[in-house]
1. Which one of MET238, MET234 is of a type outside the set (Val, Ile, Thr), without any contact (Cβ under 8 Å) to a residue 60 or more places away in the chain, surrounded by 19 or more Cβ atoms within 10 Å (Cβ to Cβ) and in contact with a Gly (Cβ under 7 Å, 6 or more places away or on another chain)?
2. Which residue is nearest to GLY161 (Cα to Cα), if the candidates are limited to the range 217-273 and must be among the β-branched types (Val, Ile, Thr) and part of a loop (DSSP other than H, G, I, E, B)?
3. I'm trying to understand the selection: among the residues of the range 1-28, which are among the charged types (D, E, K, R), surrounded by 14 or more Cβ atoms within 10 Å (Cβ to Cβ) and over 21 Å from LEU84 (Cα atoms)?
4. With respect to the numbered conditions (1) open to solvent by less than 30 Å² (accessible area, probe 1.4 Å); (2) assigned to a helix (DSSP H, G or I); (3) at pLDDT below 95; (4) not hydrophobic (A, V, I, L, M, F, W, C), which one is the sole condition not fulfilled by ARG125?
5. Just a yes or no: is a residue in the range 214-229 open to solvent by 70 Å² or more (accessible area, probe 1.4 Å) and aromatic (Phe, Trp, Tyr)?
6. Can you name every residue in the range 241-262 that is under 17 Å from PHE27 (Cβ atoms) and open to solvent by 40 Å² or more (accessible area, probe 1.4 Å)?
7. Filter the range 168-200 down to the residues that are more than 22 Å from the chain's Cα centre (by Cα), open to solvent by 40 Å² or more (accessible area, probe 1.4 Å) and of a type outside the set (Gly, Ala, Ser) and list them by number.
Amino acid sequence: MKKRNILSVEHKNIIIFGGCGLLGSEFSKHLCSQGANIFVADLNKKKFNYNFKKELKINDKNLFFIKTNILNKKSLENCLTTVLKKLGSIDVVINTSAIDSKYDKNFNKKQFSSLSKYPLNFWKRSIEINLTGAFILSQVVSEYFNKVNKGHLINIGSNYGLVAPDQSIYKNNNKQVFFKPADYVVSKFGILGLNKYLASYYKNTKIRFNILTPSGVENKQEKFFKKKYSNKTMLNRMSKSNEFNGAIQFLCSDASSYMTGSNLVIDGGWTVT
């Protein structure tokens, strides 16, 4: 008798919002390779074509794109309608959509302003996409899951949703050059609260809500920053974008069936101390 692979995601129907981003692309590629049907929901089809068709040379028949605005409820409803027409059902929804001030070679200095000088429009936009967008998405997705009495919504968190940023890692030659802004931190702390609320709201159902919390993906940052960030972890390095694939597959599979309202933290030991 052939043993069933409890970690299998084969034939699972999955929507990945923000699927053209760094982790979204990685998740889409990996889950598709494991036999899942993937709808990448994003605003940028050109980026999808580049990330998947050109760079990764993926032409899988189980990989689809749909243009979707996470801040527009009608757009989200249309997205689900399209996916249902194509696949017939939705098993898992992953939300990777977020604005994060990345410290790389193309950074925007205003995004790293001090607390007193941080532009209010940046704050509003970040909270809107990172937190309000997640709430609107949860409204639309949970309505569908409630109709079929099953489903799993996975939000992507951050180590900065667990602890405040250490601003010293943005120092270069003992000079505080930049600051990690408050809006991203506040929004990711908020996602934790939203996740717990949703899990409690749908108590005694087969609808589940969980978070995957990654940390510090290496991606063309300055050497001094990578060194300082790495020193904060127990593994003494930043993560690679593919090191969360096992975790996202676990969450999408039946192996996570007893998890809801939880946060799976993979941060190289950042939050140990």
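1. On the way: MET234 fails: surrounded by 19 or more Cβ atoms within 10 Å (Cβ to Cβ).
Being of a type outside the set (Val, Ile, Thr), without any contact (Cβ under 8 Å) to a residue 60 or more places away in the chain, surrounded by 19 or more Cβ atoms within 10 Å (Cβ to Cβ) and in contact with a Gly (Cβ under 7 Å, 6 or more places away or on another chain) holds for just one of MET238, MET234, which is MET238.
2. Looking only at the range 217-273, we keep the residues that are among the β-branched types (Val, Ile, Thr), and these are 217, 233, 248, 260, 265-266, 271-273.
Right, trim to part of a loop (DSSP other than H, G, I, E, B) and you get 233, 260, 266, 273.
Details: THR233: 16, THR260: 18, ILE266: 13, THR273: 15 Å.
Looking at the filtered set, the residue picked out is ILE266.
3. Going residue by residue through the range 1-28, those that are among the charged types (D, E, K, R) are 2-4, 10, 12, 26.
Then drop every residue that is not surrounded by 14 or more Cβ atoms within 10 Å (Cβ to Cβ), which leaves 12, 26.
Passing the criteria: only GLU26.
4. Failed condition: (1).
5. No, the conditions are met nowhere in the range 214-229.
6. Step one: of the range 241-262, the residues under 17 Å from PHE27 (Cβ atoms) are 241-253, 255-256.
Correct list: ASN242, GLU243, GLY246, PHE250.
7. If the condition is that a residue be more than 22 Å from the chain's Cα centre (by Cα), open to solvent by 40 Å² or more (accessible area, probe 1.4 Å) and of a type outside the set (Gly, Ala, Ser), then LYS171, ASN172, ASN173, ASN174, LYS175, GLN176, VAL177, PHE179 are the ones that fit.
So that you can scan it fast, the table gives a plain yes or no per residue for (1) aromatic (Phe, Trp, Tyr); (2) modelled with pLDDT of 95 or more:
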site	(1), (2)
ASN174	no, no
PRO214	no, yes
GLU222	no, no
ARG237	no, yes
PHE244	yes, yes
VAL272	no, no
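The values are calculated or read from the model by the stated rules, or taken from the named source; none is laboratory data. All values reported here derive from a predicted model rather than from experimental measurement. So basically every Cβ, Gly included, is an ideal-geometry build from the backbone, and we count neighbours across all protein chains shown. Please note that ligands, DNA and RNA were not included when accessible areas were found on the heavy atoms of the full protein model with its side chains. Shrake-Rupley method; radii C 1.70, N 1.55, O 1.52, S 1.80 Å.
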